[in-house]
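The values are calculated or read from the model by the stated rules, or taken from the named source; none is laboratory data. What you see is a predicted model, and the numbers here were worked out from it, not measured in a lab. Cβ: placed from backbone, ideal geometry, glycine included. Neighbour counts: every protein chain shown.
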Amino acid sequence: MTMTQPADSRHTGTLPSHLPRAGGRGAQNGSGAAPLKNNHYQLLQLVLFWAGAILLPLGLVVIVLGWYGAANTPYQYDQLSYLVSGGLLGLGLTFCGGFLYFGAWLARIADDGRESSKRLADTLLVLADVTSRSAALNDQGVDVSALPVTAGDGTTIHRRDCALIAHREDLHPVGEDNAHLTPCRVCRP
């Protein structure tokens, strides 16, 4: 049974799988629809918005009905009941609706902040990958980490960035006569 080695993204020119791809949210599934990630935050925002959209105008309508009832009765005890039932209830509904609108706005800001911090982290990963690749290039544009080397008088060819020889300082570049050397099984030069 042979195991295939995944292609190294440094040599194929493609981005590693942990880095973002072009195309935005719907690029992974090909349908163009946004994935259903963070759906509970969007649901919370939607519930808060619609609850505020219903309660705020309802509170204003109850206040107007309380005023209308108090204005059209000549008795003070009836006016007091309209004031309590219509005015205070309407005021409470209006404040609750306003607070729910405010909560929807805060949920939207929190979701936007999460999305922008995710984008910033993805951008920093791409930037770190690009700078690490450019740091590995010498003045002629050759990837120094991909040059084959041997450690001391060893008989194994390694990449310069191989973990087995990272601590060694007696590295020598491999010349043209490397037929007797065996390639490293870890870095596969």
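What the table below lists for this structure:
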| item | result |
| --- | --- |
| Residue that is β-branched (Val, Ile, Thr) and either touching a residue at least 40 places away in the same chain (Cβ under 8 Å) or not in a helix (DSSP H, G or I) (or both), where the choices are Ile54, Ile63 | Ile54 |
| Out of Arg188, Arg133, sole residue that is at positive phi and at pLDDT below 75 | Arg188 |
| Qualifying residue in region 25-45 (condition: in contact with a Gly (Cβ under 6 Å, 6 or more places away or on another chain), assigned to a helix (DSSP H, G or I) and at pLDDT below 90) | yes |
